[in-house]
Amino acid sequence: MNMKITLTALSMLFITTVKAQKTDVKKAFAAAAKQTDVLVKNVDSARKIKPNLVSPRTVENGEFKMVISKDWTSGFFPAELWYFYQYTQDKKWLDLARKYTEDIKKEQFNKGTHDLGFMVYCPFGNGYRLTNDPAYRAVIIQAAKSLSTRFNAKTGVLKSWDHSGTKWKFPVIIDNMMNLELLFETTKLTGDSSFYKIAVSHANTTLKNHFRPDFSSYHVIDYDTLTGNVRKKETAQGYANESAWARGQAWALYGYTMCYRETKNKAYLAQADGVAGFILNSKITPADGIPYWDYNDPKIPEVSRDASAAAITASALYELAKYSSNAKKYKAAADKILYSLSTKYTSKLGDNYGFILEHSTGHRPAKSEIDVPINYADYYYLEALLRSKN
């Protein structure tokens with residue numbers, strides 16, 4: 001009898017805990033919208049002084065930082081506005097999204113970066129999905145053409161960076177997986193399979209060379225363009241070459257989940273499951289599910305967290321749950337992360353110039369953007385909120 005009572009009590013406690021960790025999406029979106037109203041006002045004020053700065057990136061040392069359109073993060077702010085429009089169907093957000101998306105338009109011709117998926121596809125892809133505006137379709141296609149010029153047939157991958165030529169010859173970072181969605185989409189829009197083939201080649205080569213046996217990912221792989229062989233396996237933004245940089249693991253999870261969606265290649269699903277296992281089985285990550293900036297920093301727990309990595313992970317897990325046999329585990333983990341972000345990592349109304357989330361880490365080795373709000377954290381947080389509804 002006593003055992004039955006105890007088990008019943010434990011069951012009730014478990015149910016209460018699960019319910020308590022279910023994010024109130026309506027409330028979270030309303031709070032995020034009010035905060036973004038503040039951000040829009042600050043953006044408009046900043047642009048009156050420096051019109052070439054088009055998008056808010058972060059707050060560092062108390063300073064509101066805007067960036068030009070060729071910055072890799074420039075597309076996240078207008079893309080957030082598209083998510084607000086998707087959720088609310090309020091014309092106010094549609095008008096704002098159109099206005100700020102236009103500022104990124106010229107980057108469709110930028111052949112000097114691999115980040116056109118972030119810069120162009122996030123705002124224009126969402127814009128096209130929600131409006132079917134043919135002008136957005138044209139920008140997406142041109143951006144894919146520009147990105148494709150960075151593909152090297154010998155290495156089988158898209159080059160990430162043109163800088164650091166004395167250190168790397170043909171560097172490819174795990175982040176680049178995120179830009180493949182632009183290529184997949186362009187094949188669907190045009191019927192031209194060359195974009196699809198480049199994306200698949202990049203995904204296959206990255207799967208082969210970027211990962212360790214435990215499914216953690218290196219940050220930078222450098223290739224020899226004469227032989228196609230790997231020259232170096234290193235890091236730029238992680239703690240060490242052999243460490244697991246938290247946001248890099250999140251990019252890998254999201255990237256291979258997306259690649260499975262676009263190809264139905266089971267190798268990509270297996271890879272996404274493997275990366276998810278590495279992330280979720282970590283004994284380093286605190287109970288709230290928000291990882292430290294790098295899984296192997298020896299100074300843990302006296303180091304910064306990365307809310308951006310958590311937001312990317314949550315969004316990816318919600319999608320991966322649609323495809324994987326581990327659906328319940330992934331959804332529960334995503335729910336926990338999203339609840340933590342929405343209750344413990346959001347800015348107070350009016351703080352941080354209007355950015356939604358706090359406590360992200362951009363580039364700790366460079367002593368840049370440590371424990372700050374960052375625009376891509378906000379973007380993937382909103383995406384995770386939307387995906388949690390479905």
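Could you grab me the full set of residues in the range 5-61 that are more than 23 Å from the chain's Cα centre (by Cα), at pLDDT 95 or above and among the small types (Gly, Ala, Ser)? Those that are more than 23 Å from the chain's Cα centre (by Cα), at pLDDT 95 or above and among the small types (Gly, Ala, Ser): 45, 46. Each residue in the range 270-299 was checked for being part of a loop (DSSP other than H, G, I, E, B) and over 17 Å from the mean Cα position of the chain (by Cα), and 13 of them qualify.
In the range 44-80, what count of residues is obtained for those that are surrounded by fewer than 15 Cβ atoms within 10 Å (Cβ to Cβ) and among the aliphatic types (A, V, I, L, M)?
The total comes to 2.
Restricting attention to the range 144-153, the residues that are touching a Phe, Trp or Tyr at 6+ places or on another chain (Cβ under 7 Å) and part of a helix (DSSP H, G or I) add up to 3. From the list 244, 267, 240, the lone residue that is surrounded by fewer than 21 Cβ atoms within 10 Å (Cβ to Cβ), under 22 Å from residue 367 (Cβ atoms) and more than 14 Å from the chain's Cα centre (by Cα) is 240.
Looking only at the range 357-390, residues that are surrounded by fewer than 24 Cβ atoms within 10 Å (Cβ to Cβ), outside any helix (DSSP H, G or I) and of a type in the set (S, T, N, Q) come to 2 in all. Exactly one residue out of 208, 159, 169 is closer than 18 Å to residue 231 by Cβ, surrounded by fewer than 19 Cβ atoms within 10 Å (Cβ to Cβ) and in contact (Cβ under 8 Å) with a residue 40 or more places away in the chain: that is 169.
Yes/no per residue for (1) more than 16 Å from residue 196 (Cβ to Cβ); (2) assigned to a loop (DSSP other than H, G, I, E, B):
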{"site": "120", "(1), (2)": "yes, no"}
{"site": "129", "(1), (2)": "yes, no"}
{"site": "138", "(1), (2)": "yes, no"}
{"site": "155", "(1), (2)": "yes, yes"}
{"site": "162", "(1), (2)": "yes, yes"}
{"site": "167", "(1), (2)": "yes, yes"}
{"site": "175", "(1), (2)": "yes, no"}
{"site": "179", "(1), (2)": "no, no"}
{"site": "183", "(1), (2)": "no, no"}
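Here residue 260 meets each of (1) over 19 Å from residue 164 (Cα atoms); (2) surrounded by fewer than 17 Cβ atoms within 10 Å (Cβ to Cβ) with one exception, condition (2). Residue count for the range 211-237 satisfying the condition of being crowded, with 16+ Cβ neighbours inside 10 Å and part of a loop (DSSP other than H, G, I, E, B): 7. Return the residues of the range 104-118 that are outside any helix (DSSP H, G or I) and among the basic types (Lys, Arg); say none if nothing qualifies. If the condition is that a residue be outside any helix (DSSP H, G or I) and among the basic types (Lys, Arg), then 111 is the only one that fits.
Against the test of being among the small types (Gly, Ala, Ser) and crowded, with 24+ Cβ neighbours inside 10 Å, the options 327, 311, 333, 321 yield a single qualifying residue, 311. The residues in the range 29-64 that are under 20 Å from residue 370 (Cα atoms) and β-branched (Val, Ile, Thr) can be counted, and the count is 2. Tally up the residues in the range 226-237 that are over 21 Å from residue 362 (Cα atoms) and either modelled with pLDDT under 95 or among the hydrophobic types (A, V, I, L, M, F, W, C) (or both), please. Going through the range 226-237 one residue at a time, the tally reaches 2.
The values are calculated or read from the model by the stated rules, or taken from the named source; none is laboratory data. Computed from a prediction, not measured in an experiment: that's the story for all the values here. Note that we place each Cβ from the backbone using ideal geometry, even for glycine, and neighbour counts take in every protein chain shown.
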